[in-house]
Amino acid sequence: MDKTIIYLDIEEDDMYSGMDAISFVDSPATEVQWTAFNKQNQEQFKGDKAQRIVTSPVMLAETEIYRNSEELGDYYVKFSADMIRRMRNKFIMDGRQHEVNEQHDSKRKVNDVYMVESFIVGDKVKSELYPDLPAGTWVASFYIPSEKYWNENIVNGKFKGFSLEGFFIEEYEMSLKEKEETETFEKIEKVLSSDKHDIVKKLTIKKILNIK
């Protein structure tokens, strides 16, 4: 059976389209865990002795991500390299680069966490940490000033990577639902406007609505 694969996109002129935040999660959708830099491995990252920096892909280009919905059942979404670039640009232009929460919970916002690096893997930029990433992948690094937060959430492995947060996946699924509802209404209207007997109309509508 063929897999359903959908390419997602954003509307750059729509203020509600795109990413809202980046979430620290225990199981990143990219299935790639972050690299944490501290004073024990500072040779990999120049700067202050206490690095407290996490680096990881935010979104992999041309990579299948599993989803499930009532409308489609099991399916997969993909992000093209061009879409990732535009999404990254809009995210930063909207001033959201320091918007971070935990486990996709807007009430669990992480304060004083800062994006200090952002790049798209390609011909000009390679990732030594993740040499096998597909071209077009977005990689970011966040600095965590709080040693307490670092020790309690990063060192002990509570969170392991990034996950982007946005409305576009849900928006797509909602559009499918709206399309299905519109088609259902049109079928019902067609039945009601027909010359069929009322009993036949009733039975036909129940069948459309899957009512026994």
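Sorting the segments 135-143, 196-204, 86-94 by their residues' average number of neighbouring beta-carbon atoms within 10 angstrom, most packed first, yields 135-143, 86-94, 196-204. Remark: region 183-189, residue by residue, has Karplus-estimated 3J(HN,Hα) of 5, 5, 4, 5, 5, 5, 4 Hz, where x stands for each Gly or Pro and the curve is 6.51 cos²θ - 1.76 cosθ + 1.60 at θ = phi - 60°. When the pairs K78/K109; K3/K124; K90/K187; K107/K187; K3/K187 are compared against a 31 Å limit on Cα-Cα distance, K3/K124; K90/K187; K107/K187 fall above it.
Each value in this text was obtained by applying a stated rule to the coordinates, not by laboratory testing. Computed from a predicted model, the values in this text were never measured in an experiment. Note that we place each Cβ from the backbone using ideal geometry, even for glycine, and neighbour counts take in every protein chain shown.
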